[in-house]
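Quick notes on the structure that follows.
The values are calculated or read from the model by the stated rules, or taken from the named source; none is laboratory data. From a predicted model like this one, the values you see are computed outputs, not experimental measurements. Don't worry about glycine lacking a Cβ; one is built from the backbone with ideal geometry, like all the others, and counts go over all protein chains shown. Ligands, DNA and RNA are excluded from the accessible area calculation, which covers all protein heavy atoms including side chains. Shrake-Rupley method; radii C 1.70, N 1.55, O 1.52, S 1.80 Å.
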Amino acid sequence: TGVNFSPGQMRHTGLTTDVAIEGKGFFEVQLPNGGSAYTRDGEFHVDAQGRLVTKGGYAVMGESGPIQLDPNNHQPITITESGEIRQGAAVAARLQVVEFRNPKLLTPISGSYFIANNPELLANPTADTKVHPGYLEGSNASPVAEMAHLLTAMRMTEANQKVIQAQDERMNRALSDLGNLT
């Protein structure tokens with residue numbers, strides 16, 4: 001099994017710190033050990049220290065490091081489609097969005113986070129990927145398709161079970177026929 005990186009449907013939340021990605025990009029976040037991880041989950045919020053963080057508490061990375069906002073500035077926070085983060089009229093940072101040549105080589109860690117420890121993976125900052133403020137990306141799984149896959153798997157299991165039962169009956173007949181040769 002693998003991770004399906006096809007985009008999910010966007011749903012409007014209206015929250016200024018929610019951001020959905022259109023394209024193949026990933027948000028870069030900083031792990032507690034200082035390493036980088038990547039996610040498509042743009043459900044962000046501002047913590048008590050003024051850092052933009054994920055719902056898991058990881059610092060969201062900007063082009064020049066972790067995004068730090070002024071906790072004493074009570075101006076509204078907005079994010080533009082280019083990933084620019086504004087606090088009032090002032091530009092505070094720009095989201096670090098990266099693309100990978102082959103995202104299937106990413107290693108999943110907890111939740112919706114991935115690390116790039118394969119040397120063939122190169123995180124390239126991208127200008128192609130567009131972000132949608134006030135939206136979150138939903139699941140890319142189709143309930144109808146998954147139900148069809150489940151039914152197919154169930155039918156295959158039943159067919160395999162019948163083959164095993166037929167083989168078991170053949171073995172029983174062979175053993176009983178060999179036992180009656182005397």
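Odds and ends about this structure:
- Which numbered condition Q49 fails, given (1) touching a Pro at 6+ places or on another chain (Cβ under 7 Å); (2) closer than 23 Å to L121 by Cβ: (2)
- When V131, V91 are checked against the criterion of being surrounded by fewer than 20 Cβ atoms within 10 Å (Cβ to Cβ) and not in a loop (DSSP other than H, G, I, E, B), a single residue qualifies: V91.
- Pairing each residue of the stretch 16-33 that is on the phi > 0 side of the Ramachandran plot with any residue that is acidic (D, E) and surrounded by 20 or more Cβ atoms within 10 Å (Cβ to Cβ), provided the two are 6+ apart or on different chains, yields no C-beta distance under 8 Å.
- On the stretch given as the stretch 134-143, residues that are open to solvent by less than 100 Å² (accessible area, probe 1.4 Å) and either assigned to a loop (DSSP other than H, G, I, E, B) or at pLDDT below 90 (or both) total 6.
- Looking only at the stretch 94-114, and only at residues there that are touching a residue at least 40 places away in the same chain (Cβ under 8 Å) and part of a strand (DSSP E or B), the one that is surrounded by the fewest Cβ atoms within 10 Å (Cβ to Cβ): P108
- Positions within the stretch 1-49 being in a loop (DSSP other than H, G, I, E, B), open to solvent by 80 Å² or more (accessible area, probe 1.4 Å) and basic (K, R), in sequence order: K24
- Verdict on P71 being out of contact with any Cys (no Cβ under 6 Å at 6 or more places or on another chain), surrounded by 16 or more Cβ atoms within 10 Å (Cβ to Cβ) and over 25 Å from R11 (Cβ atoms): no
- For V131, the conditions (1) among the β-branched types (V, I, T); (2) out of contact with any Asp or Glu (no Cβ under 8 Å at 6 or more places or on another chain); (3) in contact (Cβ under 8 Å) with a residue 60 or more places away in the chain are fulfilled apart from (2).
- Pair list, Cβ < 8 Å and 6+ apart or interchain, from the stretch 43-63 residues that are within 19 Å of Y135 (Cβ to Cβ) and in contact (Cβ under 8 Å) with a residue 12 or more places away in the chain to residues that are in a strand (DSSP E or B) and among the acidic types (D, E): E43/D18; F44/D18; T54/E43; K55/E43; V60/E28
- Taking (1) charged (D, E, K, R); (2) assigned to a loop (DSSP other than H, G, I, E, B); (3) more than 17 Å from the chain's Cα centre (by Cα) in turn, E146 satisfies each apart from (2).
- Some residue of the stretch 163-178 being touching a strand residue (DSSP E or B) at 6+ places or on another chain (Cβ under 8 Å), modelled with pLDDT under 90, open to solvent by 50 Å² or more (accessible area, probe 1.4 Å) and not small (G, A, S): no
- Condition met for F114 (aromatic (F, W, Y) and in contact with a Phe, Trp or Tyr (Cβ under 7 Å, 6 or more places away or on another chain)): yes
- The listed residue being touching a residue at least 60 places away in the same chain (Cβ under 8 Å) and open to solvent by 60 Å² or more (accessible area, probe 1.4 Å), out of P66, P76: P76
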